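One structure is given here, and the rest of the page talks about it.
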Amino acid sequence: MKIDYNLQFNKNNKLQHFLNIENLSKEHINEIIDLADKYIKNESNKFKDLEGKTIASLFFEPSTRTKTTFELASKRLSADFINIDIANSSALKGESILDMIKTLEAMECDMFIVRHSSSGTPHYIAKEVGKKISVINAGDGIHAHPTQAMLDMYTIKKHKGSFENLNVSIVGDILHSRVAKSLIASLKILSVKNINIIGPKNLMPENINELGVDYFSNLEKGIDNVDVIIMLRLQQERMKEAFISTEDYYNNYGLTKQKIMSAKKDVIVMHPGPINRGIEIDSEVADGPNSVILDQVTVGISIRMAIMSLIFKNK
Ligand code: CP
């Protein structure tokens with residue numbers, strides 16, 4: 001499916017949908033970070049920004065973090081929130097995704113939060129819905145996970161202050177990771193000094209030379225003196241064949257207390273989750289003093305509040 005990266009802007013160049021990081025400006029990203037910061041610093045956790053709005057979440061793939069934080073974010077903004085139970089929906093009776101969306105539109109939903117295993121599905125829906133409706137991409141295939149990237153940018157800013165002088169390493173299955181693609185796009189827009197990607201060559205995308213990053217096959221070399229390490233999961237559900245044994249993967253790319261010593265002493269260790277302990281990360285690191293993994297989850301609520309309220313403000 002050919003993806004239209006400009007689809008997310010209305011005719012005034014404001015966000016109508018939130019589908020991908022590509023084509024966002026530094027100002028767009030900072031506006032979201034600043035608004036999330038206001039929500040975080042406000043003592044209240046109940047706001048009226050989305051009162052009277054109806055938001056439907058459609059998760060065609062499993063999720064714990066994204067689905068739940070979107071629900072919490074919607075409720076904190078006083079929206080009515082509908083969680084469509086896809087496994088028990090009319091999709092099982094052969095209803096197409098478009099007919100399902102049109103049906104929900106007829107129930108006067110204002111926004112759809114969509115996760116799907118097929119890359120480009122949220123863009124396809126955004127093209128088909130009425131002009132007053134907005135779509136947020138909650139992860140599409142191996143393509144993009146833009147709200148995850150935004151909460152990761154907030155987390156980095158919170159712990160490191162700014163982006164320009166940072167060395168950031170992303171470790172793991174870049175090929176199958178929608179998070180990695182949105183992360184790289186965000187870090188480049190924010191002018192991060194060095195972006196390293198690390199992992200076995202067969203888990204790297206073919207266009208590795210066009211990504212504007214440095215590739216390392218060796219973990220210790222790739223995290224040498226870095227400020228931020230972002231670990232990724234082996235996306236086994238998206239692999240058509242076994243790319244590497246989990247034992248080999250752990251031996252070469254598993255982040256241990258010993259290996260982390262190559263990085264700066266105050267390095268932060270991030271992971272979008274779900275984590276696989278003993279495969280890509282040891283418990284000593286995941287639960288250790290450098291880990292900000294649960295912080296990422298908490299920030300996810302306010303970042304999603306910020307994205308949703310900006311979209312409604314632009315209408
Ligand atoms: N990071 C992330 O997307 O996690 P979930 O699959 O739990 O939503």
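The values are calculated or read from the model by the stated rules, or taken from the named source; none is laboratory data. Here the structure is a predicted model, which is why all the values come from computation and not from measurement. Neighbour counts run over all protein chains shown; Cβ positions are idealised from the backbone, glycine included. We work out accessible area using only protein heavy atoms, side chains counted, and drop any ligands, DNA or RNA first. Shrake-Rupley method; radii C 1.70, N 1.55, O 1.52, S 1.80 Å.
Helix by helix through the chain, keep the DSSP H runs that span 18 Å or more along the axis on Cα and average at least -0.5 on Kyte-Doolittle, and give those back in order. Both cut-offs are met by 293-313. Over all pairs of different C-alpha atoms in region 220-269, the reciprocal of the mean inverse distance, the Kirkwood hydrodynamic radius, equals 12.2 Å. Rolling a 1.4 Å probe over the protein heavy atoms of region 16-140, with every protein chain left in place, gives an accessible area that is 48 percent carbon and sulfur. Comparing Glu43, Glu61, Glu108 in a Gaussian network model of the chain where C-alpha atoms under 10 Å apart are linked, the largest mean-square fluctuation is found at Glu43.
What does the convex hull of the Cα atoms come to per residue for region 80-190, in Å³? Each residue corresponds to 142 Å³ of Cα convex hull volume.
Averaged per residue, the chain has 45 square angstrom of accessible surface, using a 1.4 angstrom probe with ligands and nucleic acids left out. Judged by the mean number of other Cβ atoms found within 10 Å, the most tightly packed of the peptides 161-167, 88-94 leads the ranking 161-167, 88-94. The spread of Cα positions in region 90-148, taken along each principal axis and listed from longest to shortest, comes to 29, 28, 16 Å. Partners of Lys259 within straight-line reach, counting lysines whose Cα lies under 17 Å from its Cα and excluding those fewer than 8 residues away in the same chain: Lys221. Once backbone amide H atoms are built at 1.01 Å from N, Ile230 has Ser169, Ile170, Val171, Met270 as its partners under 5 Å, excluding neighbours fewer than 5 places away on the same chain. Between the beta carbons of Lys313 and Asn225, assuming R0 = 51 Å, the FRET efficiency works out to 0.80 to the nearest 0.05. List the residues whose amide H sits under 5 Å from the amide H of Ile113, counting only those 5 or more places along or on another chain, with H placed 1.01 Å from N in the peptide plane. HN-HN under 5 Å from Ile113: Ala56, Ser57, Leu58, Ile136.
Counted by Cβ distance under 12 Å from Ile311, the other residues give a net charge of +3, where Lys and Arg count +1 and Asp and Glu count -1.
Evaluating kT/(6 pi eta Rh) at 10 °C and 1.306 mPa s, with the Kirkwood radius of region 146-296 over Cα pairs in the Stokes-Einstein relation, gives 105 µm² s⁻¹.
Across the chain, Cα pairs under 8 Å and at least six residues apart give a relative contact order of 20 percent.
Eigenvalues of the alpha-carbon gyration tensor of region 1-111, scaled by 5 and square-rooted, set the equivalent ellipsoid semi-axes at 26, 21, 14 angstrom, largest first.
Taking amide H positions as modeled 1.01 Å from N, with prolines and chain starts lacking one, the residues under 5 Å from Met204 and 5 or more places away or on another chain are Leu175.
Which entries in the list Lys11/Lys127; Lys14/Lys313; Lys41/Lys313; Lys14/Lys160; Lys26/Lys127; Lys127/Lys313 go over 18 Å, if you measure between the two C-alpha atoms of each?
Pairs exceeding 18 Å: Lys41/Lys313; Lys14/Lys160; Lys26/Lys127; Lys127/Lys313.
For Lys38 and Glu128, the FRET efficiency from 1/(1 + (r/R0)^6), where r spans their Cβ atoms and R0 equals 30 Å, is about 0.35. Distance from the Cα centroid of region 271-315 to that of region 84-117 is 27 Å (rounded to whole angstrom).
If a paramagnetic tag sat 7 Å from the Cα of Asn218 along the Cα-Cβ line, which residues of region 258-295 would have the backbone N under 18 Å from that point? Zone members listed by number: 258-264.
In plain terms, the chain from Ser89 to Asn209 could stretch by 38.9 nm, reckoned as 0.36 nm per residue minus the Cα-Cα distance.
Stokes-Einstein, applied to the Kirkwood radius of the chain over Cα pairs at a viscosity of 1.567 mPa s and 4 °C, places its translational diffusion at 65 µm² s⁻¹.
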